[in-house]
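The values are calculated or read from the model by the stated rules, or taken from the named source; none is laboratory data. Keep in mind that this is a model prediction, so the values were computed, not measured. Neighbour counts are summed over all protein chains in view; Cβ atoms, including those assigned to glycine, are modelled from backbone coordinates with ideal geometry. In case anyone asks, the SASA skips ligands and DNA or RNA and just uses the protein heavy atoms, side chains included. Shrake-Rupley method; radii C 1.70, N 1.55, O 1.52, S 1.80 Å.
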Amino acid sequence: MKINILAFGIAKDIFGASTVDVELVNDATVSNLKYLLEKQHPRLKKLATYMVAVNNEYALDGDTIHERDEIAIIPPVSGG
């Protein structure tokens, strides 16, 4: 299944765009997605941490991704 990923903050710089498309197998998990993204964009691994949101909610590594889900990569933020 083809998934469109929204990128925010430094993730946009890492991907080189505000969105990126990836191909996942059916019943893929957030962990599968992170593995694929880190393989395609090794700089993503250098972030101290980042979150994956599925349908506007933070997701856990074991959560399943479905074809029509809205996925976002949210890097660490700092405030001041």
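A few notes on this one:
- Scanning region 17-50 for residues that are outside any helix (DSSP H, G or I) and either in contact (Cβ under 8 Å) with a residue 60 or more places away in the chain or open to solvent by 70 Å² or more (accessible area, probe 1.4 Å) (or both) yields Asp21, Glu23, Val25, Asn26, Asp27, Ala48, Thr49.
- Tally of residues being among the small types (Gly, Ala, Ser) and under 11 Å from Thr64 (Cα atoms) across region 1-33: 2
- In region 51-63, residue nearest to Pro76 (Cα to Cα) [restricted to those that are in a strand (DSSP E or B) and open to solvent by 90 Å² or more (accessible area, probe 1.4 Å)]: Tyr58
- A Cβ distance below 6 Å, combined with a sequence gap of six or more or placement on separate chains, defines the contacts here; from region 58-69, residues that are among the polar types (S, T, N, Q) reach no residue that is open to solvent by less than 60 Å² (accessible area, probe 1.4 Å) and not in a strand (DSSP E or B).
- Filter result for Ile14 (among the β-branched types (Val, Ile, Thr), open to solvent by less than 30 Å² (accessible area, probe 1.4 Å) and out of contact with any Ser or Thr (no Cβ under 6 Å at 6 or more places or on another chain)): yes
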